[in-house]
Amino acid sequence: MKILGREKVYHGGLIDVEKIHVRLADGKERHYEMVNHADAVTVLPIDENGMIYFVEQYRVGNGGRKMLELPAGVIDPNEEPITAAHRELREETGFACKTLTKLTEFYMIVGYGDEFMHGYLAQDLYADALEQDDDENIIVKPIHISEVYKRLFNNGFDDGKTILVLSLAIPHLIKRFPELHQVLKS
């Protein structure tokens, strides 16, 4: 595929939309619509007692209902992903961490968007809050690791980034939290 041209058709506060003219491998030309979105981070914060800190907030994409998710947010211009992960953790949960492990990187919606997500595991938490963004109305929900993974394996989460980061954290968490073995066996 070769990109022949781009035209911005919408500019918003969170996203831009482009009409992209391409030539396909077979020589045919067509237009695609592309949602441009800043890259972002998702963080799985877990304390020494096995409590994983989720955020609950209303989301437009699911019809305005509450969504239980791992803390996440966009990377600011010229900000490194790891710095954004530390900042989002503090803004959304009120915690900072001594240990932040990168778990993954992935495109959120590659068929029609360019948002690139970085997933992290945050351990050794301590209180160190930052003020939440003006548009955030977040409730922090700590849930024990056993309950979290029971929910995960019973389709108890609707958010894709949360499902992926929780899944990829298992090899890291199973070493530290033996109770996870029981959930995995059932």
Okay, helices (runs of 4 or more DSSP H) sitting entirely in region 137-186 with 3 or more residues that are among the hydrophobic types (A, V, I, L, M, F, W, C), touching a residue at least 24 places away in the same chain (Cβ under 8 Å) and touching a strand residue (DSSP E or B) at 6+ places or on another chain (Cβ under 8 Å), I get 160-176
From Tyr58, Tyr32, which residue is in contact (Cβ under 8 Å) with a residue 60 or more places away in the chain and not assigned by TED's automatic domain parsing to the domain that holds Ser146? Tyr32
Please tell me if Glu105 is buried (at least 16 other Cβ atoms within 10 Å of the Cβ) and among the acidic types (Asp, Glu). no
Quick check, is Ala129 of a type in the set (A, V, I, L, M), assigned to a loop (DSSP other than H, G, I, E, B) and touching a helix residue (DSSP H, G or I) at 6+ places or on another chain (Cβ under 8 Å)? yes
Taking only region 95-119 into account, find how many residues are modelled with pLDDT under 95 and over 30 Å from Arg6 (Cβ atoms). 0
Checked pairs for region 90-110, first farther than 20 Å from Ile163 by Cβ and in the same structural domain as Val55 (by TED's automatic domain parsing), second among the polar types (S, T, N, Q) and at pLDDT 95 or above, C-beta under 9 Å and 6 or more apart or across chains, list as Cys97/Gln123; Lys98/Gln123; Thr99/Gln123; Leu100/Gln123
Verdict on Val148 being within 28 Å of Leu14 (Cβ to Cβ) and either of a type in the set (Ser, Thr, Tyr) or surrounded by 17 or more Cβ atoms within 10 Å (Cβ to Cβ) (or both): no
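The values are calculated or read from the model by the stated rules, or taken from the named source; none is laboratory data. This one's a predicted model, so the numbers in the text were calculated from it and none came from an experiment. Don't worry about glycine lacking a Cβ; one is built from the backbone with ideal geometry, like all the others, and counts go over all protein chains shown.
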